[in-house]
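Okay, structure first, notes after.
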Amino acid sequence: MADLIELLAPCDVFFVGVHCPLPELERRERHRGDQRPGEAHGDFHTVHRFTEYDLDIHATQPTEDGVARLITAWRARSRPTAFERMARDVEHAQGQPACRVCDVRASVAPGYANEGDQP
């Protein structure tokens with residue numbers, strides 16, 4: 001996680017969790033045929049454990065609904081973001097700064113969600 005935080009630190013990160021019921025994942029896995037059988041089952045139980053999200057959407061809902069929710073959530077986002085909270089957690093766990101950019105953004109432009117896309 002620390003490597004991901006370092007890599008994405010200069011970016012304005014907005015994490016979106018895309019969730020799908022296991023039976024649908026398994027159906028898609030069989031239909032595609034490009035994965036080993038059982039990968040969907042294994043991934044289902046681990047994929048969302050590493051992070052929190054700014055928005056959760058469901059893959060079984062119409063794409064247009066997910067896109068509309070994503071745009072609305074992006075425009076209404078607030079500080080700290082899920083990424084910034086994770087960076088601070090890593091920083092505290094390691095006892096060193098993990099994401100200097102996040103700290104600068106949070107202190108320079110708190111709550112900028114209604115002010116457009118400025119950092």
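The values are calculated or read from the model by the stated rules, or taken from the named source; none is laboratory data. Quick caveat, the model's predicted, so the values are computed rather than measured. All Cβ positions, glycine included, derive from the backbone under ideal geometry; neighbour counts span all protein chains shown.
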| Do we find that Leu55 is at pLDDT 90 or above, surrounded by 13 or more Cβ atoms within 10 Å (Cβ to Cβ) and farther than 15 Å from Met1 by Cα in this structure? | yes
| query | Hey, among the residues in region 58-90 that are loosely packed, with under 15 Cβ neighbours inside 10 Å and of a type in the set (Val, Ile, Thr), which one's nearest to Val13 (Cα to Cα)? | reply | Ile71
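Residue-by-condition table, conditions (1) in contact (Cβ under 8 Å) with a residue 24 or more places away in the chain; (2) out of contact with any Leu (no Cβ under 8 Å at 6 or more places or on another chain):
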site	(1), (2)
Glu6	yes, yes
Ala9	yes, yes
Pro21	yes, yes
His41	no, no
Gln61	no, yes
Ile71	no, yes
Thr81	yes, yes
Ala87	yes, yes
Val90	yes, yes
| message | Residues that are of a type in the set (Gly, Ala, Ser), touching a strand residue (DSSP E or B) at 6+ places or on another chain (Cβ under 9 Å) and either in a loop (DSSP other than H, G, I, E, B) or surrounded by 11 or more Cβ atoms within 10 Å (Cβ to Cβ) (or both): does region 8-25 have at least one? | response | yes
